[in-house]
1. Given the conditions (1) free of Cβ contacts under 8 Å to residues at least 24 places away in the same chain; (2) closer than 22 Å to P118 by Cα, and given that F37 satisfies all but one, which numbered condition is not satisfied?
2. Could you grab me the full set of residues in the stretch 19-52 that are assigned to a strand (DSSP E or B) and either crowded, with 24+ Cβ neighbours inside 10 Å or of a type in the set (A, V, I, L, M) (or both)?
3. Specify which of the listed residues (S71, S55) is buried (at least 19 other Cβ atoms within 10 Å of the Cβ) and among the small types (G, A, S).
4. Kindly list, by first and then second residue, each pair from a residue in the stretch 72-85 that is under 17 Å from A43 (Cβ atoms) to a residue that is of a type in the set (V, I, T) and assigned to a helix (DSSP H, G or I), limited to pairs with Cβ atoms under 8 Å and residues at least 6 apart or on different chains.
5. If you check E171 against the conditions, is it in contact (Cβ under 8 Å) with a residue 24 or more places away in the chain, closer than 14 Å to Q142 by Cα and in a helix (DSSP H, G or I)?
6. Report yes if some residue within the stretch 152-163 is within 27 Å of L44 (Cβ to Cβ), surrounded by fewer than 20 Cβ atoms within 10 Å (Cβ to Cβ) and at pLDDT below 95; otherwise report no.
7. For I179, indicate whether it is more than 27 Å from T129 (Cβ to Cβ), of a type in the set (A, V, I, L, M), buried (at least 16 other Cβ atoms within 10 Å of the Cβ) and in contact (Cβ under 8 Å) with a residue 40 or more places away in the chain.
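The values are calculated or read from the model by the stated rules, or taken from the named source; none is laboratory data. Just so you know, these numbers come straight off a predicted model, no measurement behind them. All Cβ positions, glycine included, derive from the backbone under ideal geometry; neighbour counts span all protein chains shown.
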Amino acid sequence: MSRPIRSTGASPRVLLVMTSQARSPIGEKIGLSLVEFSVVYYALTERRFDLILASPQGGMPPIDLASNGISAPSMTRLREDWETRGALSDTLRLEQIVTEDVSAVIYLGGAGALWDLPTHAASQAIIRTFLDEARPLGLIGQGVAALCWANGPKGQGPAAGRRLTSVSRTEQTAMGALIPFCVADELRRRGGVHSAGPDGAPLVVRDGALITGQNAASALGVAQAVIEMLDQERVVE
């Protein structure tokens with residue numbers, strides 16, 4: 001069973017949520033954006049935050065092959081980091097997460113996140129809790145799809161009246177894989193004030209404790225925004 005990573009005993013715990021969806025309904029290989037994972041993971045562990053990794057099915061999440069070949073310092077580091085790769089292979093199931101033990105959540109993207117996270121009951125419960133309590137909730141790229149069918153405060157959709165971003169329609173189309181819905185369009189339909197920048201360029205939008213990033217290039221910005229919120233909370237305490 002996965003345990004908190006590099007625990008210091010005093011640091012806030014951050015939950016990283018990732019997909020378990022390995023294939024689309026027509027058999028395409030999909031999964032987690034490994035570059036988003038590596039960027040967020042090292043940004044947090046370098047600041048000595050404790051991490052919990054979780055997915056709908058637990059165990060090793062499938063890897064989105066489109067992200068596996070991306071050249072980035074964090075990816076180079078991950079390929080040689082056997083401890084982290086071991087932790088990634090042993091994620092908890094989302095049903096095992098106790099939200100009271102977690103200070104912040106970050107949802108990672110990859111094409112698989114479009115298929116299993118939006119309708120997963122445990123994921124929806126985590127999102128509702130963090131929105132209701134205004135605790136840091138970050139989502140990146142396709143991972144923002146997890147907001148689409150969850151209920152926010154007072155039973156409203158979590159996007160209603162909120163400023164946010166997500167993978168854009170043109171970015172989704174360029175990925176080539178079958179997509180169940182356009183995340184940006186769905187969020188707008190549910191009352192979200194959605195914005196998008198140029199394809200592939202970083203864009204992070206913060207609305208209270210809700211932090212969203214458009215794409216993998218925005219992963220570091222989302223992680224940094226969550227870190228900033230947690231640091232502010234520690235100063236207040």
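1. For F37, the failing item is (1).
2. L32, L51, I52
3. On the way: S71 fails: buried (at least 19 other Cβ atoms within 10 Å of the Cβ).
From the options S71, S55, the qualifying one is S55.
4. A72/V35; A72/V39; S74/V35; S74/V39; M75/V35; L78/T84
5. Details: in contact (Cβ under 8 Å) with a residue 24 or more places away in the chain: yes; closer than 14 Å to Q142 by Cα: yes; in a helix (DSSP H, G or I): yes.
So E171 passes the test.
6. Kept after step one, since they are within 27 Å of L44 (Cβ to Cβ), are these residues of the stretch 152-163: 152-153, 158-159, 162-163.
Pick out the ones that are also surrounded by fewer than 20 Cβ atoms within 10 Å (Cβ to Cβ) and you get 153, 163.
Checking which are at pLDDT below 95 leaves us with 153.
There is at least one residue in the stretch 152-163 that is within 27 Å of L44 (Cβ to Cβ), surrounded by fewer than 20 Cβ atoms within 10 Å (Cβ to Cβ) and at pLDDT below 95.
7. On the way: more than 27 Å from T129 (Cβ to Cβ): yes; of a type in the set (A, V, I, L, M): yes; buried (at least 16 other Cβ atoms within 10 Å of the Cβ): yes; in contact (Cβ under 8 Å) with a residue 40 or more places away in the chain: yes.
So I179 passes the test.
A quick yes/no check of all residues on (1) out of contact with any helix residue (DSSP H, G or I) (no Cβ under 7 Å at 6 or more places or on another chain); (2) of a type in the set (S, T, Y); (3) modelled with pLDDT of 95 or more:
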residue: V17; (1), (2), (3): no, no, yes
residue: Q21; (1), (2), (3): no, no, yes
residue: E28; (1), (2), (3): yes, no, no
residue: L34; (1), (2), (3): no, no, yes
residue: V39; (1), (2), (3): no, no, yes
residue: D50; (1), (2), (3): yes, no, yes
residue: G59; (1), (2), (3): yes, no, yes
